[in-house]
Each structure stands twice: as C-alpha cells, then as structure tokens.
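Quick notes on the structure that follows.
The values are calculated or read from the model by the stated rules, or taken from the named source; none is laboratory data. Predicted model, so just to flag it, every value in this text is computed and none were measured. Glycine gets a Cβ as well: all are built from the backbone with ideal geometry, and neighbour counts include every protein chain shown.
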Amino acid sequence: MDVSPALLSDDGVFAAIAETEAAARALHLRRLRLLAEVLRRGLDTDTHRRLVRADAREVKRWTAQATLFLPSTSPTGQPLPPLHPVTGVVLEELSDGHLTQLARAISLRLPDGSEEIPVEAARSVEPKAVRQLADRIRDRAEQDRVDEVDEPAADPGDTLHLRDLPDGRLEFFGELSAETGARFTALLEPLPTPHPDGPRDAARRRGEAFADLIPLASRSGDLPSEAGERPHISVTLDYRALRRGVGHAVLDSDRHLSAAQARRIACDAKILPVVLGGDSEVLDPGRAKRTVSTAQRRALHARDRGCAFPGCHRPPQWCDAHHIQHRADGGTTDLSNLVLLCRTHHSLVHHTHRQVTMTGGTPTFIPPRHVDPAQRPRQNLLHRPPPLAA
C-alpha cells in the first residue's frame, strides 16, 4: 500500500527515496532491453518513440546506451557480450544520467584501461562528476600526447575572430592555447559572482566579468601607444544628444552607440570638443581635457573603496568615476560630484536615473518606490562598515 510521505518517519522518507530510485533504475534498464529488442527485430522505431512519448534526442541517447552496454545477438543467433562489459556488469546500479555520461566518455576515446575509472565513480557520485572525470582523463591523455611531440608544433596557438553586428555590438569567437587559457581563466574566475542586480545565468555573468577586464586592461601602463596616445575610443555625437541622452553617437569604426551609452563613457573620459561647420567640416578642434584626473581617482579609491552602490563588492580598480550631475547638465568634476560605480551599477544608475546624493562625504542612494516605498537612503556598508557601538 502506498503510504503518504507525510505519515513516514524521517528514516522512512529516506528509505522511500532509495526504493523509488532503485525502481526508476530498474524501469530504465527494462526500457533499454525493450528498445534493444525493437532494434534486433527491425521493428518500426517511430512507433516505439510514439509509445514512450519521447523526442528523437532521448531515443538516440537510449539507443546508444542499449548498443554499448547490453548483450546482443549475432546474425546467426549467437549471443554476444556487451561491447563495453565493464559498464554492463553494474547496469542495475546506474541511472539514465549516469549511463548517458558513460556513453559520452566512450565517445571521447579515452586511453585503454581507463574505462573502469568513470564506471567505478558512477556508482557513488552524480552524473556531472562522471562527466568532469572523463574530461580530465581525456585532457591528461591529450597533454601526454603533446609532451611526446614538439610543443610549438602541437599547440595551435591563440586565435580570435571578430564580426560587427547591428547596433554597434561585436561578435567574437576563437581558441586559446592551454597557457593563455589558464591565465585568462585565472583572471575571469574571481569576477562572475552573482549579485542582486546582475544576471543570474553563468554565461551572462562571465560576459560581465570579461567586460570588466577591458577597462582594467585599458588603465595598464604597459599598453602600447598609437600616434603618441594610449589605446582609446573616439566617440562623435551632437552636443544636444549628449545633453538629452537621446539619439546616437558614432565610433571611428562607423559603428553606432546610443547617446545614453555615450553619456556613460563621458563620465570618465578624455573629452575633445570639436566645432563642426554646416557640412560637418572640422572648424575648430578644442583642447582635450580628462574629466577625472589621476589624483581625483586616487582620492575616490580612498573614499569609496570600491563600487559605492549598496551591497556591491566590486573593488575600486573595476569601477568608473560617475558624475552625480552629468557634465553635460552642468555638473562639475569635483569629488563632491563624483562616485565610483562598477559597470553594472553605472549602467543601472544611468538607465533608471537613480537618485544619488552625498551625505557626510559618503555617496548615498535613494531607492525607487517599488524597491522601498519609504525610499530610505542607503549606503554601501561592505567597503566601509559602520563603527561598532561602544
């Protein structure tokens, strides 16, 4: 009789879970044996798929498991052992997920004698760990092969392909050597940590982390110069578009940015005013002026100690200097009008027009009503916690 889980003891709940999982493994093994018989008899596989109500990808995965791990029959009717008997011996202990990863491990063509390692692991760990173990065995084998040949010839090197997309976006893909990949991963790993206002999926977080690396690299004193200047971005836009934040700006590569994006760049940039004639003829190039000096940035680092947005842990080297009142709106480049913001919160403040003030020399943020109906002022206490009460 099926007893309601609410009536079971704690040990009974765990016992029921173990029993259910054992039944699920047995059911999957019977599924594989029936599928193997369908294939042996040459029956209609579409009828089988409709009966089990599975998509083609699932049936393909089960077919691979049945072919690799179940005994078969020769054309003359003689019984044949499984192609991979090591896994076949423990089939009753393994789930669909484990068998899927073991079939994948076989497709990786692991070195002879190594099949037992992931099979033994599958008896005690989750499928994801089996996949990671198989990848490590493959990577070790590939590295051993590289060591046996001339390393420069075996290493394909670093490649990067770029393609312009609409709206000024850039698509890139490529391949990094083992050495470069290790260094890149070491730089990236500390950055893509979830935070309340950021993306939750790993790919978006890694993208944000990669974007954070770029301004940090641009501030490096070791970068080469071009025409006497360090690497820079030239953005051209109409002054009225800069004031309103509506319209578009043009990069030297003829790609476009929105005026709002240009306003964010202008927060912490070197501004070169240019007077244009009626036919866009340059009449008077002005003198370049960096909005935030090196001394001011040092002072901001000492004061804010990182992104000033409440709850953000980003250190100062990953932040931009944001004008509380934008320069295009008459704001001055003084410490009382500047605040350090990471890229994510810099975009958020510009996009939502989040109100920022200075309270006792500390940046203070006024949340919108949908976040806090009382709109109580907030400060970032992670970088500078309040003093303990005596």
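Things worth noting here:
- Of all residues in segment 152-168, exactly one satisfies the criterion of being modelled with pLDDT of 75 or more, in a loop (DSSP other than H, G, I, E, B) and surrounded by 10 or more Cβ atoms within 10 Å (Cβ to Cβ), namely Asp158.
- A single entry from Glu179, Glu142 fulfils the requirement of being in the same structural domain as Glu115 (by TED's automatic domain parsing) and either out of contact with any Pro (no Cβ under 9 Å at 6 or more places or on another chain) or modelled with pLDDT of 80 or more (or both): Glu142.
- Residue check for Val349: surrounded by 11 or more Cβ atoms within 10 Å (Cβ to Cβ), touching a helix residue (DSSP H, G or I) at 6+ places or on another chain (Cβ under 8 Å) and not aromatic (Phe, Trp, Tyr): no
- Count of residues meeting criterion [touching a Lys or Arg at 6+ places or on another chain (Cβ under 7 Å), closer than 17 Å to Thr362 by Cβ and among the hydrophobic types (A, V, I, L, M, F, W, C)] in segment 306-334: 2
- Identity of the residue in segment 360-390, exposed (fewer than 10 other Cβ atoms within 10 Å of the Cβ) and modelled with pLDDT of 75 or more, that ends up nearest to Pro310 (Cα to Cα): Arg376
- Every residue from segment 341-360 that is more than 21 Å from Ala302 (Cβ to Cβ), in contact (Cβ under 8 Å) with a residue 24 or more places away in the chain and of a type in the set (Ser, Thr, Tyr): Thr344, Ser347
- Test: residue in segment 115-131 that is at pLDDT below 85 and either closer than 22 Å to Arg57 by Cβ or crowded, with 16+ Cβ neighbours inside 10 Å (or both): yes
- Pick from segment 70-114, criterion of a type in the set (Asp, Glu) and in a helix (DSSP H, G or I), ranking: modelled with the highest pLDDT: Asp96
- Taken over segment 327-340, the criterion of being in contact with a helix residue (DSSP H, G or I) (Cβ under 6 Å, 6 or more places away or on another chain) and farther than 13 Å from Gln296 by Cα is satisfied by Ala328, Gly331.
- Meets criteria (under 20 Å from Cys342 (Cα atoms), of a type in the set (Ser, Thr, Tyr) and either modelled with pLDDT of 80 or more or surrounded by 10 or more Cβ atoms within 10 Å (Cβ to Cβ) (or both)) for Thr193: yes
- Pick from segment 33-60, criterion in a helix (DSSP H, G or I) and either touching a Lys or Arg at 6+ places or on another chain (Cβ under 9 Å) or not assigned by TED's automatic domain parsing to the domain that holds Pro75 (or both), ranking: surrounded by the fewest Cβ atoms within 10 Å (Cβ to Cβ): Ala56
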